[in-house]
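Enquirer: Here you go, one structure.
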């Protein structure tokens, strides 16, 4: 590769966050979307586990550190502008969503309102006992 | 549904944008990520075609209006926080990316740098003659 070839995501100056989409590597289901900064991206690469940046807690968010539902990285892709990250992951524990569903996108927009289409994999009250 | 049931995405005050992920309804491939405001979301619902908000052009972006590569909506999902939108679409023309690839995520991060894994569906110079 030439020295000038783009090798990774282009994190913006300032808050330096980029959106990162996690997709089930086997089924293709989109599990969640969160944000990464350069540090969380680097740790994702070095550990092979998804690490995000929590905008509410203002710190690294090692996905699954509390619930055990770690995301093992199978592949990482960048979009044409290198400003969105796509992760193919093995979702341990079978659920990405803190509400206990496999995917955070467990509700469909219908003419009659939102319809829950996912099934709960775990009870969030049991898993997050601190809450 | 009760009157207080959440019925749609919760657009933030201020710039009012939420990320929207477009996924191929048949293959599950993640095609692109862009942004929507309330107006573009409403037009997406009413027309059945994906309409985004272009942050660079600061106006509605009717996907495919120039290239013809319209995205027909098959289903819409919201995440647990109702602040990310997932679209299942039929991608007309076979390519979502303005660079001529099916998906904007046509490059994989590898230890040797970025590797193009997608194949070009169209020549962007031909399609976007104004550029």
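Bear in mind these aren't lab numbers, they're just calculated from the coordinates by the rules spelled out. Note that the structure is a prediction, hence the values are computed from the model and not measured. Don't worry about glycine lacking a Cβ; one is built from the backbone with ideal geometry, like all the others, and counts go over all protein chains shown.
Enquirer: Calculate for chain B the 222 nm mean residue ellipticity that helices alone would give, adding -39,500 (n - 2.57) per DSSP H run of length 4 or more and normalising by residue count, nearest 500 deg cm²/dmol.
Expert: -2500 deg cm²/dmol
Enquirer: Within 10 Å of each Cβ in peptide B:85-92, how many partner chain Cβ atoms are there on average? Round it to a whole number, please. Walk me through the numbers before you get to the answer.
Expert: Numbers: counts 3, 10, 1, 3, 0, 0, 0, 0.
Whole-number average of other-chain Cβ neighbours for B:85-92 is 2.
Enquirer: Going by a ≥ b ≥ c, the root eigenvalues of the Cα gyration tensor, does the range B:1-73 fall in the rounded group (a/c under 1.5), the prolate group (a/b larger than b/c) or the oblate group? Each step should come with its number before you reach the end.
Expert: Numbers: a/c = 1.85, a/b = 1.28, b/c = 1.45.
The shape class here is oblate.
Enquirer: Above 20 Å lies some portion of the pair distances; for chain B, what is it as a whole percent of all C-alpha pairs?
Expert: Cα-Cα pairs in chain B separated by more than 20 Å: 48 percent.
Enquirer: With r defined as the distance between the Cβ atoms of residue A:128 and residue B:128 and R0 fixed at 30 Å, what FRET efficiency is calculated, to the nearest 0.05?
Expert: Approximately 0.05, to the nearest 0.05.
Enquirer: Report, for residue B:82, each distance to the same residue's label point in the other copies, shortest first and in nm; define the point 7 Å along Cα→Cβ.
Expert: In ascending order, 3.8 nm.
Enquirer: Further question: From other protein chains only, count the Cβ atoms within 10 Å of every residue's Cβ in A:99-112, then give the mean.
Expert: Mean shielding count: 5.
Enquirer: Once the label point is placed 7 Å from Cα along Cβ, list for residue B:94 the distances to the corresponding points in the other copies, in nm, shortest first.
Expert: Values, ascending and in nm: 4.0.
Enquirer: Ok, one more. Measuring from label point to label point, each 7 Å out along Cα→Cβ, what is the residue B:115 to residue B:99 span in nm?
Expert: Here the modelled spin labels are 1.6 nm apart.
Enquirer: Also, I was wondering about something else. What average count of beta carbons from other chains do you get within 10 Å of the Cβ of residues in B:28-34?
Expert: Averaged over the peptide's residues, the number is 5.
Enquirer: Quick one: check the C-alpha center-to-center distance for the range B:91-124 versus the range A:68-131, whole angstrom.
Expert: 25 Å
Enquirer: Another question, then. In nm, give the distance between the simple-model label positions of residue B:55 and residue A:45, each being 7 Å from the Cα along the Cα-to-Cβ direction.
Expert: Each label point is offset 7 Å from its Cα along the Cβ direction, giving 2.2 nm.
Enquirer: Now a separate question. With N denoting the number of residues in the range B:61-131, provide Rg(C-alpha) divided by 2.2 N^0.38 Å, to two decimal places.
Expert: Cα-based Rg divided by the globular estimate yields 1.32.
Enquirer: For the rotation taking B to A, I'd like to know which residue in chain B has the C-beta closest to the axis, plus that distance in Å.
Expert: In residue-and-Å form, the answer is B:28, 1.
Enquirer: Equivalent-ellipsoid semi-axes (√(5λ), Cα gyration tensor) for the range A:5-47, whole Å, largest first? Working shown, then result.
Expert: Numbers: eigenvalues 91, 32, 21 Å².
Over the Cα atoms of the range A:5-47, the ellipsoid semi-axes are 21, 13, 10 Å.
Enquirer: Fewest first, what order do B:122, A:11 take by the number of other Cβ atoms within 10 Å?
Expert: Numbers: B:122 20, A:11 17.
Fewest-to-most ranking of B:122, A:11: A:11, B:122.
Enquirer: Continuing with the same structure: If you put a point 7 Å past Cα along the Cβ direction, how far is that point for residue A:12 from the same point in each other copy, in nm, smallest first?
Expert: 1.0
Enquirer: Same structure, new question: Based solely on C-alpha atoms, express the radius of gyration and the Dmax of the range B:40-101 in angstrom.
Expert: For the range B:40-101, the Cα-based Rg and Dmax read 11.9, 34 Å.
Enquirer: Decide, for the protein assembly as shown, between rounded, prolate and oblate: order the square roots of the alpha carbon gyration tensor eigenvalues as a ≥ b ≥ c, take rounded if a/c falls under 1.5, and otherwise choose prolate if a/b is larger than b/c, else oblate.
Expert: Values: a/c = 1.66, a/b = 1.11, b/c = 1.50.
Oblate.
Enquirer: Just grab the label-to-label distance for residue A:92 and residue B:38, each label 7 Å out from Cα along the Cβ direction, in nm (one decimal).
Expert: So the label points at residue A:92 and residue B:38 sit 4.3 nm apart.
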